[in-house]
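The values are calculated or read from the model by the stated rules, or taken from the named source; none is laboratory data. As the structure is a computational prediction, the values presented were derived from the model and not from experiment. As a convention, Cβ positions derive from the backbone with ideal geometry for all residues, glycine included, and neighbour counts pool all protein chains shown.
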Amino acid sequence: MSRIGVFGSFARGEAKENSDVDILVEFSKAVGLFHFIVSVKTRTHSQSK
């Protein structure tokens, strides 16, 4: 992943209890779904510590 971002009502601070979260992911090279999921889990887990 080269960039990841949030957009929509959540990013604008207008989210409601039932709102979804819109996520945009930009890749520097082609990647399969499995590698994408592993990359997201690795990055979010390391940032939550």
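Within segment 21-43, residues that are touching a residue at least 40 places away in the same chain (Cβ under 8 Å) have Cβ atoms under 8 Å from residues that are in a strand (DSSP E or B) in these pairs: 43/4, counting only partners at least 6 apart in sequence or on another chain. Scanning segment 21-33 for residues that are part of a loop (DSSP other than H, G, I, E, B) and loosely packed, with under 10 Cβ neighbours inside 10 Å yields 28, 29, 30, 32.
When segment 2-20 is filtered for residues that are under 17 Å from residue 44 (Cβ atoms) and assigned to a strand (DSSP E or B), the ones remaining, listed by number, are 3, 4, 5, 6.
In the set (1) at pLDDT below 90; (2) under 12 Å from the mean Cα position of the chain (by Cα); (3) of a type outside the set (S, T, N, Q), residue 49 fails one condition alone, (2).
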